[in-house]
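The values are calculated or read from the model by the stated rules, or taken from the named source; none is laboratory data. Fair warning: this is a prediction, and the values are worked out from it, not measured in the lab. Don't worry about glycine lacking a Cβ; one is built from the backbone with ideal geometry, like all the others, and counts go over all protein chains shown. Each accessible area value is taken on the protein alone, full model and side chains, heavy atoms only, with ligands, DNA and RNA left out. Shrake-Rupley method; radii C 1.70, N 1.55, O 1.52, S 1.80 Å.
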Amino acid sequence: MKQLINKKIGLIFIIVQFLITLGLIGLVLYVDMLPTKYLLMGVLVLVFTMLYTFFSQMSRRLYILGRVLAGVFCVIMIAGAWYLWKGYSTINNMSDVNVKVDELTAIVLADDPAQTIDDAKEYSFGIISTIGREYTDSMINTIQTDLTTTLNIVEYEDMYSLVDALYAKSVGAIIFNEAYRGSVKEEKYENFDTETRVLGNHEIETIVEVEETEDENEDLKKPFIMYLSGIDTYGELSKTSRSDVNIVAVVNPETAQILLVNTPRDYYVPLSISNGMCDKLTHAGIYGVDVSIETLEMLYDIDIDYYARVNFSGLRDIVDALGGVRVYSDIAFTSDWGPSFKQGYNNVNGKEALAFCRERHHLESLGGDRQRGRNHQHMISAILDKATSPKIITKFSKLMNSLEGAFETNMKTKRITKYVKFQMDETPEWNIESISVDGTGGSNYTYSIKSYKQWVMYPDESTIEDAKKDIQKILDGKTLKQDKDKDKDNDNNNDNEE
């Protein structure tokens, strides 16, 4: 009887381990992130442990050790499955994103007695007459339906004249797209957050129309172009907002080359929706990531395949999850947020990385905002260097946690996992080059703000043409030869990573 019970217990161990092994193999095949050589190696190990458990239960001397090892193997496999699924689900949550969210609010002055929109229904409501009118009308219709009333509407030309009217008390309330808040605070009313109050909000979700060029079976080594957008908020990524970082990443997996092309945020260019009227590039993000993409496609005569967005908190969390990064600074400076940086390579954490990327006031000797764009490129290079390093495997779980809610892209999940597989299989040593288009400063009216002249940068067409040529070189598989800064190279050779 005792021997029969032992055999039944041994059979249970065998069945449980077999089911867990089968489940892990199925998950690995479904996720499809492991290269074939690692997959075969893993399957052999699992089969060997399964056979050992089976034969150990047939032995009177080894069955106890076999059960202990079977339990240990099962725990390891369950942990491995969780680890793998965590990575896949995070990639799935941040990929294949194709929506943008416009948040409209009803705003009054901070000392206004109205506490709700219902309290203000007899007020005159200021709105922008044309730009984004379909979203404004949607909120107006919702308010009128909910309150069974008709609002008194007063139209204004742009966001500044709208806010001016509120401050002048020409209207009691305004309907305001929250994407404008950053511009209003930076360039017009610094204390807008404390001097006004939101009575209610209305969100509108719209599909982002980016041309699909992806084929599921397309060669992974085919070059592609991705738009990297850094938005000027700490909030939800899908919400429309100014894009302070506008980098076109041209990637050629065949030659292991990446070209980062920076376009200054104040570049004075026609937007895809402005009927030829120029605006600051950063304002394109107010109308959605699709408008930013289309505007850059017009500027460089390219087709952008994918986009990725990250916000302030996302950058900080990603760098911390990587255990810090080693970023190059062209000059020594102290940021407005405290951290100081030496010329050369600096080991930075998330807070310091954010300060490095946001600073522009102490970079005037190198062009202020233009240098900030170059710093963005240096930071992207630093993150890519760390993220493609074999050491990243020890920080994988923390990195996956940091990416949720901090990063989004329209690249499909399976496409991303295939690139992960490609990186693990071939471990290419990426050569990352950075260039930036240039221009001259001035002031002019813009599509978004027609009533007030703003600081803009008039494009230097020769630098745009040079950028176009460099982009084409990467796409054609040619090596992009650039003169390296000797001090930078020397620093790279002599300064060891901490």
Using θ = phi - 60° and the Karplus relation 6.51 cos²θ - 1.76 cosθ + 1.60, list the HN-Hα couplings for the range 257-263 in order, rounded to whole Hz, with x at every Gly or Pro.
10, 10, 10, 9, 10, 8, 10
On average, how much accessible surface per residue is there in the chain, in Å², for a 1.4 Å probe, leaving out ligands, DNA and RNA?
48
From the backbone phi of the range 268-284, what are the Karplus-calculated ³J(HN,Hα) couplings (6.51 cos²θ - 1.76 cosθ + 1.60, θ = phi - 60°) in whole Hz, Gly and Pro given as x?
9, 9, x, 7, 5, 10, 9, 6, x, 6, 7, 8, 6, 4, 4, 6, 4
Could you give the length gained by full extension between residue 85 and residue 12, i.e. 0.36 nm per residue of separation minus their alpha carbon distance, to one decimal place?
23.7 nm
Rounded to whole Hz and in sequence order, give me ³J(HN,Hα) for the range 448-459 from the Karplus expression 6.51 cos²θ - 1.76 cosθ + 1.60, θ = phi - 60°, writing x for Gly and Pro.
6, 9, 8, 9, 8, 6, 10, 5, 9, 10, 6, x
Would you rank 376, 361 by solvent-accessible area, highest first, keeping every protein chain in place and using a 1.4 Å probe?
361, 376
Can you pull out the chymotrypsin sites (Phe, Trp or Tyr not before Pro) in the range 80-189 that DSSP calls coil and that have at most 15 other Cβ atoms within 10 Å?
none
If I model a spin label as a point 7 Å beyond the Cα along the Cα-Cβ vector, how far apart are those points for residue 349 and residue 109 in nm?
4.4
Sorting 200, 142, 435 by the position of each Cα along the dipole of the chain (Lys, Arg +1; Asp, Glu -1; all at Cβ), the one nearest the positive end of that ordering is 435
Cross-link table 280/468; 351/395; 100/280; 188/342; 86/421, entries beyond 23 Å C-alpha to C-alpha
188/342
Pop the C-beta distance of residue 451 and residue 48 into the FRET formula with R0 = 56 Å and round what comes out to the nearest 0.05.
0.15
Ordering 337, 430 by how much accessible area each has at a 1.4 Å probe, largest first, what is the list?
337, 430
Heavy-atom accessible area order for 159, 298, largest first, 1.4 Å probe
298, 159
What spacing in nm lies between the two simple spin-label points modelled at residue 78 and residue 273, each 7 Å away from Cα in the Cβ direction?
5.1
Give, in nm to one decimal, the length gained when the segment between residue 469 and residue 98 is fully stretched (0.36 nm per residue of separation minus the Cα-Cα distance).
130.5 nm
Got the relative contact order for the range 1-111 handy, in percent, Cα pairs under 8 Å and 6 or more residues apart?
34
Percent of accessible area on the range 227-286 owned by carbon and sulfur, 1.4 Å probe?
54
Ranked by how many other beta carbons lie within 10 Å on average, peptides 13-20, 440-447, 303-310 from highest:
303-310, 13-20, 440-447
Value of [θ]222 nm, deg cm²/dmol, for the chain, DSSP H segments ≥ 4, -39500 (n - 2.57) each, nearest 500
-14000 deg cm²/dmol
Amide H contacts of residue 437 (H built 1.01 Å from N, under 5 Å, at least 5 apart or other chain):
262
So which GluC sites (Glu not before Pro) in the range 113-163 are both in a DSSP loop and have at most 13 other Cβ atoms within 10 Å of their Cβ?
122
Just to be sure I understand the model, the point goes 7 Å from the Cα along the line to the Cβ. What's the resulting residue 462 to residue 29 distance in nm?
6.1
